[in-house]
Amino acid sequence: MMTKTVPLMLTLNAGSSSLKFAAFAASTGWPELFRGQIEGFGRASDQPVSIRIVRSGVRETMALPSGTQIANASDAFDQLWPILAEQIEGRPLLAVVHRVVHGGLEFDGAIRVTPDSLSRLDSYAPLAPLHQPHNLVLIRRVTERLGEGQQIACFDTAFHRGRAFETEAYALPRALYDQGIRRYGFHGLSYGAVTDRLRRARPDLAGGRLVVAHLGAGCSLAAINEGRSVATTLGFSALEGLPMATRCGRLDPGVLLHLMGEREMSVEAVTQMLYKDSGLKGLSGLSGDVRDLEASDRPEAHQTLDYFIHQVAIGVAEMAGELGGLHALIFTAGIGEHSARVRLGVMQKLAWLGVVPDLAQNADPEVDVVTDISAPESLIKVLIVPTDEERRMATEAASLLAQSPAAA
């Protein structure tokens with residue numbers, strides 16, 4: 001039985017509309033103590049907000065008082081902190097580990113947070129406006145609560161560092177590349193978590209040519225070979241590549257020139273449109289949530305789902321080309337793990353690659369386990385691999401602490 005003298009690692013994963021948390025004991029295997037999330041930032045006050053938590057395999061939902069307003073990660077942390085403090089129950093806190101979306105060229109692995117590094121991370125906020133400010137405000141809020149204790153930042157961009165020039169560069173003046181205008185890629189903590197889990201569950205595939213489809217509110221694909229990123233669809237910002245819940249994805253830059261020139265839209269108006277009013281939400285005119293679109297009988301909802309499936313399938317083919325072949329396609333994150341319709345649509349569009357779905361497995365996969373949803377005759381294996389960014393964060397932080405334990 002785990003004693004309260006064993007230190008723990010607390011992870012905080014702030015997004016634009018949710019805050020996920022988890023705690024791991026600093027002992028062999030880093031066993032999980034609890035995890036959960038609070039979601040629904042910015043919803044109308046008449047919609048209930050709750051905190052979900054899992055302890056010892058038992059799921060609980062804690063409703064917050066009616067009318068509770070949670071506009072951002074800072075508000076969510078204030079609501080969450082009393083519960084976290086109760087769960088920690090006086091255990092020594094080894095570190096608080098944060099997901100930070102953008103590390104730029106400077107940060108290619110987990111770091112200890114200092115006032116100087118926090119200031120430098122602020123400069124990347126314009127490149128990830130839906131995420132970076134939430135990530136950094138949480139670091140500051142923890143400092144207010146706990147003082148100058150040890151905090152560690154892990155980066156979504158770090159997994160993609162070290163790729164070839166041709167996958168990072170844009171065909172713009174070379175000086176801009178040298179100044180950092182390049183494809184960084186994101187969702188790296190998720191991709192790292194998936195490759196970690198695949199090594200344990202399917203070592204026969206883990207070292208092969210993989211395309212991982214991280215499909216959630218944010219969406220991207222990564223081409224991975226021997227566990228390393230080769231290419232990815234997200235680029236300089238979190239707007240490129242696949243359409244997302246509210247973000248546009250791939251777009252002809254001439255559209256922006258037209259909107260800002262001929263239609264005289266301001267930078268602020270275009271930014272609002274691209275980040276918050278586009279994607280599945282904008283195209284459907286209904287919602288950016290695939291669950292809402294699947295439940296709707298409006299033709300715009302079905303057109304939007306078809307568009308999304310089409311773009312994912314095209315992207316998978318592109319990533320397979322980057323790899324020079326494909327051994328397995330992996331679905332992960334909210335849509336990837338839970339939407340049988342999206343997975344089936346993508347697999348059907350990839351029949352030319354030799355993908356054959358297992359209809360029964362795809363329709364009713366096991367929850368929270370690695371599941372093969374391809375038929376035995378499929379030339380490409382297709383799997384659902386649940387992501388676990390929080391464990392990946394704890395693993396990266398533990399590695400950092402092990403490298404210089406005296407500083408811990």
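Here are some notes:
- Loop-resident sites, the stretch 157-264, for chymotrypsin sites (Phe, Trp or Tyr not before Pro), counting at most 10 other Cβ within 10 Å (DSSP): none
- Each principal axis of the Cα atoms in the stretch 248-376 has its own extent, and those three values, largest first, are 55, 37, 25 angstrom.
- The chain, relative contact order in percent, only Cα pairs under 8 angstrom and at least six apart counted: 13
- Environment charge at residue 161 (Cβ cut-off 13 Å; Lys +1, Arg +1, Asp -1, Glu -1): 0
- GluC sites (Glu not before Pro) lying in DSSP loop within the stretch 148-186, provided at most 14 other Cβ fall within 10 Å: 148
- Packing here is the average count of other Cβ atoms within 10 Å per residue, and on that basis the peptides 125-133, 238-246, highest first, run 238-246, 125-133.
- P(r) histogram, all alpha-carbon pairs of the stretch 362-408 included - 10 Å bins from 0, percent: 23, 28, 20, 18, 10, 1
- Average Cα contact separation per residue, the stretch 196-325, under 8 Å, 6 or more apart, as relative contact order %: 23
- In this simple spin-label model, placing a label point 7 Å from the Cα along the Cα-to-Cβ direction at both residue 314 and residue 175 gives a separation of 3.4 nm.
- Table column - 3J(HN,Hα) (Hz), the stretch 281-293, Karplus curve with 6.51, -1.76, 1.60, x for Gly and Pro: 4, x, 5, 7, x, 10, 6, x, 9, 4, 4, 5, 5
- In the chain, the DSSP beta bridges split such that about 70 percent are antiparallel, to the nearest 5.
- Accessible surface calculations at 1.4 Å, restricted to protein heavy atoms, place the stretch 63-154 at 41 Å² per residue.
- Globularity ratio of the chain, using Cα Rg and 2.2 N^0.38 Å: 0.97
- Positive minus negative residues near residue 185 (Lys, Arg vs Asp, Glu; Cβ under 11 Å): +1
- Kirkwood hydrodynamic radius of the stretch 105-178, from inverse mean 1/r over distinct Cα pairs, in Å: 14.2
- In the stretch 172-273, the trypsin sites (Lys or Arg not before Pro) that fall in loop regions by DSSP, at most 10 other Cβ within 10 Å: 263
- Rounded accessible area per residue of the stretch 192-302, 1.4 Å, Å²: 47
- Taken about its Cα centre, the chain carries a charge dipole of about 640 debye when Lys and Arg each add +1 at the Cβ and Asp and Glu each add -1 at the Cβ.
- Rounded Å value of the spacing that divides the Cα centres of the stretch 150-224 and the stretch 229-292: 20
- Distance between the modelled labels on residue 351 and residue 52, one decimal in nanometres: 3.5 nm (7 Å Cα→Cβ projection).
- Between the stretch 361-380 and the stretch 316-352, the alpha-carbon centres lie 12 Å apart.
- Sum of -39500 (n - 2.57) over DSSP H runs of 4+, divided by residues of the chain (222 nm, nearest 500): -11500 deg cm²/dmol
- Across all directions, the average projected area of the convex hull around the alpha carbons of the stretch 105-260 is 11.2 nm².
- Spherically averaged projected area of the stretch 1-140 from its Cα convex hull (nm²): 9.3
- In the chain, taking the dipole from charged Cβ atoms about the Cα centre, the farthest positive-side position among 278, 402, 81 is held by 402.
- Residue-span extension gain [residue 306 to residue 143] - 0.36 nm each, minus C-alpha spacing: 54.1 nm
- Normalised by 2.2 N^0.38 Å, where N counts its residues, the alpha-carbon radius of gyration of the stretch 206-260 equals 1.35.
- Portion, in percent, of the accessible area of the chain that falls on carbon or sulfur, probe 1.4 Å: 53
- Only Lys, Arg, Asp and Glu carry charge here, each on its Cβ (+1 for the first two, -1 for the last two); on that basis the stretch 275-408 has a dipole of about 240 debye about its Cα centre.
- Here the stretch 217-281 is assigned +1 on the Cβ of each Lys and Arg and -1 on the Cβ of each Asp and Glu. Its dipole about the Cα centre then comes out at about 220 debye.
The values are calculated or read from the model by the stated rules, or taken from the named source; none is laboratory data. What you are looking at is a predicted structure, and each value in this text was computed from that prediction instead of being measured. As a convention, Cβ positions derive from the backbone with ideal geometry for all residues, glycine included, and neighbour counts pool all protein chains shown. Please note that ligands, DNA and RNA were not included when accessible areas were found on the heavy atoms of the full protein model with its side chains. Shrake-Rupley method; radii C 1.70, N 1.55, O 1.52, S 1.80 Å.
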